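What follows is a short report on a single structure.
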Amino acid sequence: MLQAAQRIGKKGSGKKRWRLFAIAVLGLNMLLAGAARADAPIEIVDASTRLEEGVWYLDADIDYRLNDTALEALENGLELDIELVIQLTERRRLLWDPEFAELKQRYGLRYHALTERYILRNRNSGEQVSFGALQPALEALGTVRRLPVIDDALLSEEERYDVGLRAIIDIKKLGGALVVFRLFWNDWRITSDWARWRLGR
């Protein structure tokens, strides 16, 4: 009887330890997930569309916070590839909405060591601006004003549309042995969450 009671006690104690371990792991995962969200490198703070003279324009404020990997890439002379993905979907009652149109606005950001300037280049238009510090360059990159999205004449008056916006920083396309050695992965990228809203009329 005493031995049986001891075995039962050991089994109960083992279950209790496993339960406590599971709770600790769950708590750690929640803590890490919360920290990851708080430390998100790209956040779309605000975004909206407006109709002017037959054209829909996008205004957005995006907070770019570069992590150590991105900063190291800049210091080693690599150009960061920044992309804004704008999607237009038809608003329907189905589980999924068909994609109507997609626009990609691309920028390049690099550090010129000789002049000690940060060069921000609009890859769609070829226009570029230089900054004496990184933060003003990131603020300019994150301030999107009056970006043409689509002509209103291409939209059906009988349909309703949703707009989606996502920002991406990518160095995968740059390649090279330096990227693999210094940054560990040649497909490194960081993205924001999708921001979605209704295209108002």
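Key figures
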quantity	calculated
Pick from segment 101-133, criterion among the aliphatic types (A, V, I, L, M) and at pLDDT below 95, ranking: nearest to the chain's Cα centre (by Cα)	L103
Selection from segment 78-100 of residues that are over 14 Å from the mean Cα position of the chain (by Cα), at pLDDT 85 or above and farther than 20 Å from V149 by Cβ	L78, E79
Segment 43-80, subset surrounded by 15 or more Cβ atoms within 10 Å (Cβ to Cβ) and among the charged types (D, E, K, R), residue farthest from W188 (Cα to Cα)	D61
Pick from segment 161-189, criterion of a type in the set (V, I, T) and modelled with pLDDT of 85 or more, ranking: surrounded by the most Cβ atoms within 10 Å (Cβ to Cβ)	I169
Residues (closer than 23 Å to N67 by Cβ and either touching a Ser or Thr at 6+ places or on another chain (Cβ under 9 Å) or aromatic (F, W, Y) (or both)) located in segment 108-129	Y111, H112, R117, Y118, I119, L120
Of all residues making up segment 143-159, the number that are among the charged types (D, E, K, R), surrounded by 10 or more Cβ atoms within 10 Å (Cβ to Cβ) and closer than 23 Å to D61 by Cα	2
Qualifying residue in segment 134-145 (condition: of a type in the set (A, V, I, L, M, F, W, C) and more than 22 Å from the chain's Cα centre (by Cα))	no
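Results for (1) within 20 Å of A73 (Cα to Cα); (2) touching a Cys at 6+ places or on another chain (Cβ under 7 Å); (3) in contact (Cβ under 8 Å) with a residue 24 or more places away in the chain, shown as yes or no for each residue.
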site: A113; (1), (2), (3): yes, no, yes
site: N122; (1), (2), (3): yes, no, no
site: G126; (1), (2), (3): no, no, no
site: L141; (1), (2), (3): yes, no, yes
site: Y161; (1), (2), (3): no, no, yes
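The values are calculated or read from the model by the stated rules, or taken from the named source; none is laboratory data. Small disclaimer: the values here were computed from a predicted structure and weren't measured. Counting neighbours? That spans all protein chains shown, and the Cβs are built from the backbone with ideal geometry, glycine included.
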